[in-house]
Amino acid sequence: MSSNQAERRKQILARNEEQLGVLNQNWPIRWVMMRTSHPGNVGSAARAIKTMGFSALHLVNPAYEYMARKAEAISLSSGAFDVLEAAQNHESMLDALGDSQLVFGLTARDREFGPPAISLPEAVSMASSALVANKPVSFVFGTERTGLDNEDLKHCTHRVWIDANPSYPSLNLAQAMMIVAYSMRQGLMKELAIDSIPPENLASNSTPELADPSAIAAMLEHWQQGLEAIGYLDPENPKKLMPRLQSLFARAALQKEEIDLLRGIAKQMLQSGKIK
């Protein structure tokens, strides 16, 4: 190694050392894998997110209850066994998302309905700003064979694509997670450098609190009941009304107080329907 290369390496390591305390904190970001069937992918995912400074791995209905005990998962985690062993299993996507205010579903397929589609750099920018303000976010990845289905996407605030070769956009599940995790690390470094926010003040941001997916799902159910009560929605022939409303609300990025407002409207619809 030449003296110039050695000096350059020293500078890079110094920069990493400077950022280490902030980047290695416990960011409220969840990495959610839906119905994963291959233990090796879970092990590789654990390695990918640990390499980039993250750790919260969540598995929704995996093929095996104890993925961390599978030999292939342990082997491909390559030293990230702590992340693999701490991975949490969930029976539903809503449980896995917790109180996430932004939920990014990774998918390469276009959909007629569902949340607004954005590029990965846009998602990273939004997620980084939210995390710096101590607002929880989730990235959701679909199954190895079919990716995310429409039922999964209904709980996402955005659907995200990775800009790949259009004639061959195929990415292994763990590869996709590595790309997103690396992008998030870079996004956080950029966000922190731009705003110059000291670690102790990361939560002091006045941006509004967004509603979490479970609150939105409950509100939509309330609206469906209200619309049926006033005769606007025929339960025997619902057509595509609820998916359209779901898509509309997803684009709106609803705040917590707006959920209360919408549920108040649904309550009035139910009361109106009973009066008739």
When you check residue 127 against the structure, is it among the aliphatic types (A, V, I, L, M), over 21 Å from the mean Cα position of the chain (by Cα) and open to solvent by less than 70 Å² (accessible area, probe 1.4 Å), yes or no?
no
Determine whether the stretch 12-29 contains at least one residue that is open to solvent by 30 Å² or more (accessible area, probe 1.4 Å), closer than 21 Å to residue 104 by Cα and modelled with pLDDT of 95 or more.
no
All helices (runs of 4 or more DSSP H) inside the stretch 165-276 with 1 or more residues being at pLDDT 85 or above and buried (at least 19 other Cβ atoms within 10 Å of the Cβ)
173-195, 213-229, 256-275
In the set 48, 56, which member is surrounded by fewer than 24 Cβ atoms within 10 Å (Cβ to Cβ), hydrophobic (A, V, I, L, M, F, W, C) and either touching a Ser or Thr at 6+ places or on another chain (Cβ under 8 Å) or modelled with pLDDT of 90 or more (or both)?
56
Which of (1) in contact with a Ser or Thr (Cβ under 7 Å, 6 or more places away or on another chain); (2) over 20 Å from residue 56 (Cβ atoms) does residue 188 not meet, given it meets every other one?
(2)
Of 108, 68, which residue is of a type in the set (A, V, I, L, M) and either part of a strand (DSSP E or B) or open to solvent by 50 Å² or more (accessible area, probe 1.4 Å) (or both)?
108
Looking for whichever is among the aromatic types (Phe, Trp, Tyr) and not in a strand (DSSP E or B) here; the options are 113, 139. Which one fits?
113
Here's a check for you: in the stretch 77-105, which residue that is over 28 Å from residue 134 (Cβ atoms) and of a type in the set (Gly, Ala, Ser) is least open to solvent (accessible area, probe 1.4 Å)?
77
Residue pairs meeting the criteria (Cβ under 7 Å; at least 6 apart or on separate chains; first in contact (Cβ under 8 Å) with a residue 60 or more places away in the chain, in the stretch 142-169; second charged (D, E, K, R) and open to solvent by 60 Å² or more (accessible area, probe 1.4 Å)):
143/35
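The values are calculated or read from the model by the stated rules, or taken from the named source; none is laboratory data. The shown structure was predicted, so the numbers you read here are calculated from the model rather than taken from an experiment. Positions of Cβ are backbone-derived with ideal geometry, glycine not excepted, and every protein chain shown enters the neighbour counts. Side chains included, ligands, DNA and RNA excluded: accessible areas come from the protein's heavy atoms. Shrake-Rupley method; radii C 1.70, N 1.55, O 1.52, S 1.80 Å.
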